[in-house]
Amino acid sequence: MLTRKGEALENYTNTSTKQQGSEFVVVEKVKKSLSNGSADVAINGNGDIFLGALFKANQDLLENKPQQISLDRSKGRISVDLPGMVGGDSYVDANPTASGMQEGVNTLLNRWHEKYAAKNPAPARMQYESTSAYSMNQLKAKFGSDFEKVGVNLKIDFEAVNKGEKQIEVVDFKQVYYTANFDAPKNPSDVFASGVTVDQLKARGIDENTPPVYVSSVSYGRQMYVKFETTSKSTELKAAINAVIKGVPIKPESEWARVLKNTTVTVSIVGGNADGAARVVTGTVEDLKKLIQEGATFSTQNPAVPISYKTAFLKDNQVATIQSNTDYIETKVTSYKNGYLNLHHKGAYIARYYVYWDEVTYDKNGVESVRTRQWEDNGKDRTAGFQTELQFKGNVRNLRVKIQEKTGLAWEPWRTVYNRTDLPLVQKRTIINSGTTIRPKYDEKVENN
């Protein structure tokens, strides 16, 4: 296993609040650690990476800037996993150079298109990873060390994220059409020409600390880095995005539909077009769905490019896994809408109302404090027809409401009609008390869009 160390941060936590329109917004920042291990490494247009290539297992490999070991090589057997290919058609012996391997892969592709494609369609294998964006170091640990150059096209606004003004999700989406494989050598020496010596390897910096690895497979297809950006505070953004990518139907009036309607999409695409050049598309979620559908199947009109590769240690053919570790500050934004409480007296009796609640605030150090408040008109006698509306800001918690009616009975002068504690703040809560002194009753309605 090869390990890449990213940014190290001190323990950190902070909470701040702000009133934003009709919402009370809480911004929580907490230190998080990310450890991500993967054998699959993005190529991102690097022409120095090709099937069967020999690289040094060093820091440059971790940074996805591999150093090639230039020595005379023997031919290697390669194959592709396209459907239908059998027997001698399924492999070819190729020279382990960039041009030699490309020629070998092209030979196999031509065989498939000529003999097998008509009866053996090749639907894309979908792969994706997603994460909320907080820092470039975090995204590099998640998607690979050279994500930074890819991320330029996405124009990720980390400052707005850290201020709690935006949510940004980044998805590495792959449509793999086929994978080309390099047969594992029986012995390490099998990959070299007969005249290559151990001294020549040592002269090129190969030793126990810097062993050689070879590119064991290259996946071809189309890769898209997708940025979803929204000012919505909804906690359903990630779930909604997963539904879009998986093709799950989304009901028009659902929370997923609402958050996606206010989400912009930026896509950096490599592969799936005639010239193979990278392109950037900005639009809506519906535009993304069309892009995904466009790349659903491999064909001559929908060509593939190298999108990722795997390496294996030459000494034992074990897969080389790259472990990336980093710390980052996660920003969690939660919004609480303002709410209303309507009280309406329709009963044939005198009533008294009592309303209490807690207000949550945070000081400059992020320390939470809770203050209990009460309605200034608590306990006043009210007759039928009384109606009032109380407005609460989004920082209100634990709403308590009690309604009593005057019975006229000496042994029970006041009877409780309604008494509830720890009520959640909603957009509009209406409590109507009615009935008589003998049979008081109430009706409660909640509106919460």
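Every number in this text was worked out from the coordinates using simple rules, so none of it is lab data. Just so you know, these numbers come straight off a predicted model, no measurement behind them. For neighbour counting, all protein chains shown are included, and Cβ atoms are generated from backbone atoms with ideal geometry for every residue, glycine included.
Summary of values
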quantity	calculated
Cross-link pairs K346/K380; K163/K251; K56/K310 - those with Cα-Cα distance over 20 Å	K163/K251
Dipole magnitude of the chain about its Cα centre (Cβ charges: Lys, Arg +1; Asp, Glu -1), debye to nearest 20	1600
GNM result for the chain, Cα springs below 10 Å: residue of E23, E330, E114 fluctuating most strongly	E114
Mean ellipticity per residue at 222 nm, deg cm²/dmol - from DSSP H runs of n ≥ 4 across the chain, formula -39500 (n - 2.57)	-4000 deg cm²/dmol
Highest to lowest packing among 194-207, 382-395, scored as the average C-beta count within 10 Å	382-395, 194-207
Label-to-label distance, nm, for residues given as Y442 and T361 (7 Å Cα→Cβ offset)	2.9
Positive-pole candidate from N181, N262, V226, dipole of region 2-333, charges at beta carbon	N262
Shape call, region 2-333: gyration tensor on alpha carbons, a/c limit 1.5	oblate
Packing-based ranking, highest mean first, of 133-144, 258-269 given that Cβ atoms within 10 Å are counted	133-144, 258-269
Ranked by how many other beta carbons lie within 10 Å on average, peptides 336-342, 286-292 from highest	336-342, 286-292
Highest-fluctuation residue, W256, W411, W375 considered, GNM on the chain with Cα pairs under 10 Å	W411
Lysines whose Cα lies under 16 Å from that of K75, excluding same-chain neighbours fewer than 8 positions away	K186
For region 109-170 and region 433-449, distance of Cα centres in Å	54
Paramagnetic reach from T15 in region 364-387 [backbone N under 16 Å; point 7 Å along Cα→Cβ]	364-372
Gaussian network model of the chain, Cα within-10 Å springs - most flexible of A348, A39, A57	A348
Reach of K140 by Cα under 16 Å, taken over lysines that are not fewer than 8 positions away in the same chain	K5, K32, K65, K149, K155, K227
20 Å cut-off, amide nitrogen to a point 7 angstrom out along N449 Cα→Cβ, residues in region 228-242	231-236
Distance from region 324-346 to region 221-244 (C-alpha centre basis), Å	20
DSSP beta bridges in the chain [antiparallel fraction, %, rounded to 5]	90
Within region 162-194: backbone nitrogen closer than 20 Å to the E368 label point (7 Å, Cα to C-beta)	164
